[in-house]
Every structure is written in structure tokens, then in C-alpha cells.
Amino acid sequence: SQQGEEDPQALSIQEGENATMNCSYKTSINNLQWYRQNSGRGLVHLILIRSNEREKHSGRLRVTLDTSKKSSSLLITASRAADTASYFCATEEVGGAQKLVFGQGTRLTINP
Amino acid sequence: DTAVSQTPKYLVTQMGNDKSIKCEQNLGHDTMYWYKQDSKKFLKIMFSYNNKELIINETVPNRFSPKSPDKAHLNLHINSLELGDSAVYFCASSQGHLSYEQYFGPGTRLTVT
């Protein structure tokens, strides 16, 4: 079953602007991860945030996690054309089958 | 050096055929996975092996059989291919099977005609 749902499904912004993507999930989790997929490529891990963490940064990426609302957001600041990709959240459920469950992704397009 | 590699990258075959996809990782990871990504980009786990032992087997038709000859390899054999098997199949690996980031291969695009 699908756990995470990303919002929006597609986002188009101008280079230099910030991009925010949201992920909602349904059950208690151990951690939540964000991945990027460029067209025709495999997924690349961006950030892992554990259930006891609220915010994490990596370069131009900022991830927040609100376990009370069962939601996470990924912020990409000062976007670049190279950030054009699909972004997926994935959750590892508490007491689950030790697997990641992926959302359907947000397609981000950065216009030059 | 490629961390997670898959062969072939493209596979076009007819219904009813049997095919295999190979995966190798040189990261020294203990856990490997097979995922299927459909035309809507929805990614779903199929199998997971930890130290050559099967730990996740989702509701996948038994026409799909994974084989892990050693920790660095996880192959996927598919019997009697059907049109609905057309998808991109990704291999991935991680250091452990809980709370670790996963490293994905480039994918194998399977087209069944």
C-alpha cells in the first residue's frame, strides 16, 4: 500500500526561486527519507530524518518533519536548472516489514 | 567505479519468454533490493535480501524469482513474461535493512510485447 503522498504532483518555478514539496503519510514511522530521480536514472538519496528529529539541512536542502501531523517538507533554496527532477519521500514504518514505502513523487521543473 | 550496476539497461522481449536481470554492488552492503517502477513513476518494493537471506517478499507473482549467490549480487529471473510486467526495475543496496539510506542502480527498462 502507498504510504507517502507528495504535494504538489508537479511544480514549475524560475531558476533562483525556492521550491517546497510536501509529503504526508499515514502511520507511525522510524524515519523518513527524500530521494531525487533524474529522468531515465536511478534514485539518489538526499536526506534521512529520524522520527525524533524535527529539521535537517544538507547544503541547499532543508527537510522538516512533523510527526503530530504526519507530514514532512523538502525545501530547495536558490534552485538551479540541474535541480529539475522528480522528488520522492519514503517512509519506514514502526513495526513494519523493514521496508521503505515510497510516495508517487513531485515532478519539479526549474525554468532558466 | 559504479556503486550499483544492473544489466541489461534495456530489455525488449515477447510475452511468454523468460528473462533475467542482474545486479551487482561494490559498496560492501549487506542488504539488496528489487523495486518495480510503473509508468506513473510509482515505485514499489518487490524483494529484499539481507546477507543472502530473503527478508521481504511482497505480493509478487511467483513468476518472479530473486536469487542472491553472494552479498554483492542479487539477480531477478522472470518466467512467462506478461504485458503487465513492462516497467523499469531498480536494484538497490544499503548497509543494513533498517534506517539506512539506499543506493539505487540505473534501472532496467523492460518492455514486453
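Derivation of every value follows stated rules applied to the coordinates shown; laboratory data play no part. Computed from a predicted structure; not experimentally measured. Counting neighbours? That spans all protein chains shown, and the Cβs are built from the backbone with ideal geometry, glycine included.
Quick look at the values:
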| item | result |
| --- | --- |
| Residue among A:44, A:101, A:63 with the largest mean-square fluctuation in a Gaussian network model of chain A, springs linking Cα atoms under 10 Å | A:44 |
| Vicinal HN-Hα couplings computed from phi for the range B:40-46 (Karplus, 6.51 cos²θ - 1.76 cosθ + 1.60; Hz; Gly/Pro x) | 8, 6, 6, 9, 9, 6, 10 |
| Kirkwood Rh, Cα atoms: Rg over Rh of the range B:47-91 | 0.97 |
| Intensity falloff of chain A expressed as log10 I(q)/I(0), Debye formula with alpha-carbon point scatterers, at q = 0.10, 0.19 Å⁻¹ | -0.26, -0.92 |
| The range B:4-106, relative contact order in percent, only Cα pairs under 8 angstrom and at least six apart counted | 36 |
| Cysteines (scope the protein assembly as shown) whose Cβ has no counterpart Cys Cβ under 4.7 Å | none |
| Which of A:106, B:113, B:7, A:84 has the fewest Cβ neighbours within 10 Å, and the rest in rising order | B:113, B:7, A:84, A:106 |
| Rg and Dmax of the protein assembly as shown, Cα atoms only, in Å | 17.5, 50 |
| Rounded to whole Hz, the Karplus (6.51, -1.76, 1.60) HN-Hα couplings of the range A:48-62, x for glycine and proline | 10, 10, 8, 5, 9, 9, 10, 8, 8, 10, 8, x, 8, 9, 9 |
| HN-Hα J in Hz across the range B:86-94 - Karplus 6.51, -1.76, 1.60, θ = phi - 60°, x for Gly and Pro | 4, 4, 9, 10, 10, 9, 8, 9, 8 |
| Amide H contacts of residue B:56 (H built 1.01 Å from N, under 5 Å, at least 5 apart or other chain) | B:48 |
| Other-chain or far-sequence residues with amide H under 5 Å of residue B:17's (modelled H) | B:81 |
| Cβ-based net charge around residue A:33, under 14 Å, with every Lys or Arg adding one and every Asp or Glu removing one | -1 |
| Inverse of mean 1/r across different Cα pairs in chain B, Kirkwood, Å | 13.9 |
| Column: log10 I(q)/I(0), Debye, Cα scatterers of the range B:20-79, q = 0.12, 0.13, 0.15 Å⁻¹ | -0.27, -0.32, -0.43 |
